[in-house]
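The values are calculated or read from the model by the stated rules, or taken from the named source; none is laboratory data. The model shown is predicted, which means the values in this text are computed figures rather than measured ones. Heads up, the Cβs are rebuilt from the backbone with ideal geometry, glycines too, and the neighbour counts pull from every protein chain shown.
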């Protein structure tokens, strides 16, 4: 065999070895990441009497480190490492790993929705938080979590999340954006900051013209905070047009008319309230008060 031919065969053999090694590394990497996922699954389903769930996390972390050393592009390993970091309390790092691994935040949202349906609020919060960190530029995740805090009357936390959602300003639907403005206004009202809700109700009236309460709340604010009786009346009458069988706009008009000296109009509005709700004590007191002024 000639030297040239031996050289060619040597090169081909070396190339073959390199190819085998190159193929073997991703395969071995996937093997380690699969073993890590088994450890994580064991951790996720460990009962209260499990001997040492933290040992499963440590084992998974070590396996994933080996997997990524063999193949830095192993998406499954990045996904698994995200769950490890989450268990360790490293939220930002977990989110970064999930993004590297291509974990769709929608998976976390579905899990959160399912937990919410079963009444497991704590679990739902955890899943929605995962979605937030996996996809931090999507406003809807902040809104979903804020709604849970709102339900528990944790107004400061709800307000912070609604403000974050509106700051990110990347909504999947108009309904979700509307819910963020409504939620922020509701949180502010419950924190005793009614005057600060004016921008949200202005937005709701402009962008959700079929929303009854936007007109009612804004009408009340325009009168109490700005003293603009004419605009307040227009807003409340628009609410009446939207829902003539709802008493609250009539109550707002009754108060406005009484305060501006239009007593006959105030009496008519209080009577309309009682027509819709005979047990409304505020309207009954209003009529009694007006009768004493005659």
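If you scan the stretch 257-272, which residues turn out to be touching a helix residue (DSSP H, G or I) at 6+ places or on another chain (Cβ under 6 Å) and not in a loop (DSSP other than H, G, I, E, B)?
257, 258, 263, 265, 266, 267, 269, 270, 272
Could you identify the single residue in 178, 193 that is in contact (Cβ under 8 Å) with a residue 24 or more places away in the chain, under 18 Å from residue 159 (Cα atoms) and in the same structural domain as residue 148 (by TED's automatic domain parsing)?
From the options 178, 193, the qualifying one is 178.
If you go through the stretch 150-163 one residue at a time, how many are more than 15 Å from residue 200 (Cβ to Cβ) and touching a residue at least 24 places away in the same chain (Cβ under 8 Å)?
4
Got at least one residue in the stretch 236-245 being within 23 Å of residue 289 (Cα to Cα) and either touching a helix residue (DSSP H, G or I) at 6+ places or on another chain (Cβ under 6 Å) or not assigned by TED's automatic domain parsing to the domain that holds residue 154 (or both)?
yes
Do we find a residue being closer than 21 Å to residue 185 by Cα and in a loop (DSSP other than H, G, I, E, B) anywhere in the stretch 219-230?
Yes, the stretch 219-230 contains at least one residue that is closer than 21 Å to residue 185 by Cα and in a loop (DSSP other than H, G, I, E, B).
Out of 95, 101, I need the residue that is over 21 Å from residue 123 (Cα atoms), crowded, with 18+ Cβ neighbours inside 10 Å and either touching a strand residue (DSSP E or B) at 6+ places or on another chain (Cβ under 9 Å) or at pLDDT 90 or above (or both). Which one?
Within the list 95, 101, the selection yields 101.
Hey, could you check the stretch 273-283 for residues that are assigned to a helix (DSSP H, G or I) and without any contact (Cβ under 8 Å) to a residue 12 or more places away in the chain and say which is nearest to residue 236 (Cα to Cα)?
Among residues in the stretch 273-283 that are assigned to a helix (DSSP H, G or I) and without any contact (Cβ under 8 Å) to a residue 12 or more places away in the chain, the one nearest to residue 236 (Cα to Cα) is 275.
Do you know which residues across the stretch 240-252 are assigned to a helix (DSSP H, G or I) and under 17 Å from residue 268 (Cα atoms)?
240, 241, 247, 248, 249, 250, 251, 252, listed by residue number.
Considering only residues that are touching a residue at least 12 places away in the same chain (Cβ under 8 Å), buried (at least 17 other Cβ atoms within 10 Å of the Cβ) and under 20 Å from residue 222 (Cα atoms), which ones fall in the stretch 256-272?
Listed by number, the residues that qualify are 256, 257, 258, 266, 269.
Just give me the residues in the stretch 119-133 being in contact with a helix residue (DSSP H, G or I) (Cβ under 7 Å, 6 or more places away or on another chain) and closer than 16 Å to residue 152 by Cα, in sequence order. Quick ask: steps written out before the conclusion?
So the first thing to find is which residues in the stretch 119-133 are in contact with a helix residue (DSSP H, G or I) (Cβ under 7 Å, 6 or more places away or on another chain), and the list is 121, 123-125, 127-133.
Within the stretch 119-133, 121, 123, 124, 125, 128 meet the criteria.
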